[in-house]
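One structure below.
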Amino acid sequence: MKNISGIRADFPLLSRSVYGKPLVYLDNGATTQKPQCVIDAVDEVYKSYNANIHRGVHALSDKASEEYENAREKVRSFINAEKREEIVFTSGTTGSINAVAFSFGERFINKGDEVIVSHLEHHANIVPWQMMCERKNAKLRVIPINDIGEVLLDEYLKLLSSKTKLIAVTQVSNAIGTILPVQEIIDAAHSRDIPVLIDGAQGIQHGITDVRKMDCDFYVFSGHKIYGPAGIGILYGREKWLAELPPYQGGGDMVANVTFEKTTYNELPFRFEAGTMNFPGAIGLGTALDYVSTIGMEDIEIREQELLSYANDRLTGISGLRIFGNSVNKISIISFLVKDIHMYDTGMVLDKLGIAVRTGTHCAQPVMDRFGIPGTVRASFCFYNTKEEIDILGTGIEKVISMFA
Ligand code: PLP
């Protein structure tokens, strides 16, 4: 891996200051900063070949379409999908889950059927299923978690039945960092022929992703959480499923032939890409995947685990600090509260020190309810963070305590 100062130099925003203090950006779970190459790639689209994709015969449109399809190939290769037809561009994880919830629901869910999620889900992997269950008179079942924030696999197995039509679980909890045992979850579901959707929003950026090895049926993620642009995301679906699902949006480019009497749909994956897509975002995402591949996903994982262990040691040394989510398998997220100090007070003081952390429920209210708390302060680290930044966080929290306690 490149040395850390070289890596940080790739990200222009990391060198800025906030309130006269050097920025310490520890909100990577919410969104990541962008390397210059991604900024340049998007800039380049608008500067030199902006034109609508798949629609023109002119040179600019050809070039934009080619780059967009190159980006699709980069995504395919990054997650090791078998075919490019299995890679659908969407607006993000939320867009992808809503697409599956609608299309899968229309095609496969009937009254009395069940969909299983876990207690660790982001609202994006709860609400679309609730909406679908309401539409279809189906039922949402929830895998419970234990006191350290791990899913209870025994309870999961008990939930599986002939009524179960789909499992939709997150790979990693955005609220407390738990890495879920997705392999066990998928294997148990497949032994009963039940398909599985994995929400990879917090998984994709922290290690190698291989959808074929994982054997999931759907895998979704957002570009902005893996150093790419906002407003672009991926829905990977095994071809056998995508081929069966009806489109969830109608419009330009998703059709083969349109008459007022009958419309036929385009082939995969275009059938699921209605209207003008975010092609600059897709191209930027392709560049982001090239960038992290050059850094090396294995090395990223190792570095982030080192940062997690350093942060654990530093923060558990602070008297009165409680960490929520202590699973052995965790990504580099520490979700905490300090004494009885309100999370927003902690977040605001840290902000004035130049430290960006997230405060609140992290769009995972059921997780907070499980722990009987209104929310947490969440520090989420990634490979461009440093031990010095973790020390600054530690000192910042000590300052919060001295101010409020
Ligand atoms: N799922 C998880 C686990 C997340 O962490 C997030 C965002 O934080 C989402 C889904 C939603 O992602 P987006 O807002 O990019 O659609």
Next on the checklist: So if I take the alpha carbon set of the range 280-379, get Rg, then get Rh from the Kirkwood formula, what is the Rg over Rh ratio?
Outcome noted: 1.05
Checklist entry - Using θ = phi - 60° and the Karplus form 6.51 cos²θ - 1.76 cosθ + 1.60, what ³J(HN,Hα) does each residue of the range 343-350 get, whole Hz, x for Gly and Pro? => result 4, 5, 4, 4, x, 6, 5, 4
Item to check | Under-5 Å amide H pairs with residue 55, H placed in peptide plane, nonlocal only | outcome: none
Item to check | Where labels lie 7 Å past Cα in the beta-carbon direction, separation of residue 302 and residue 187 in nm | outcome: 2.7 nm
Checklist entry - For residue 136, which lysines qualify as cross-link partners when the Cα separation must be under 25 Å and same-chain residues fewer than eight apart are set aside? => result 111, 158, 163, 165, 240
Checklist outcome for this item: Once Lys and Arg are counted +1 and Asp and Glu -1 for all other residues with Cβ under 13 Å from that of residue 374, the total becomes -2
Next on the checklist: Regarding the range 215-275, what's the average projected area of the Cα-atom convex hull, expressed in nm²?
Outcome noted: 5.0 nm²
Checklist entry - Over the chain, what lengths in whole Å, largest first, do the semi-axes of the equivalent ellipsoid take, defined as the square roots of 5 times the eigenvalues of the alpha-carbon gyration tensor? => result 36, 28, 17
Checklist outcome for this item: Here the gain from full extension of residue 3 to residue 290, 0.36 nm per residue of separation minus their alpha-carbon distance, amounts to 101.5 nm
Checklist outcome for this item: Whole-Hz Karplus couplings 3J(HN,Hα) for the range 68-74, θ = phi - 60° and coefficients 6.51, -1.76, 1.60, Gly and Pro as x, run 4, 6, 4, 5, 4, 5, 5
Item to check | Packing-based exposure ordering (other Cβ within 10 Å, fewest first) of 359, 178 | outcome: 359, 178
Item to check | Order of 214, 131 - criterion: other Cβ atoms within 10 Å of each residue's Cβ, fewest first | outcome: 131, 214
Item to check | HN-Hα J in Hz across the range 158-166 - Karplus 6.51, -1.76, 1.60, θ = phi - 60°, x for Gly and Pro | outcome: 5, 6, 5, 8, 5, 7, 6, 10, 6
Checklist entry - Using helices alone, what [θ] at 222 nm do you get for the chain, with -39,500 (n - 2.57) per DSSP H run of 4 or more residues, divided over all residues and rounded to the nearest 500? => result -12000 deg cm²/dmol
Checklist entry - Going 7 Å from the Cα of residue 208 toward and past its Cβ, which residues in the range 289-314 have a backbone nitrogen under 20 Å from where you end up? => result 289-306
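All of the numbers you see were taken from the coordinates with simple rules; none came from a lab. Bear in mind the structure is a predicted one, so any value in this text is a computation, not a measurement. Glycine also receives a Cβ, built like all others from the backbone with ideal geometry; neighbour counts cover every protein chain displayed.
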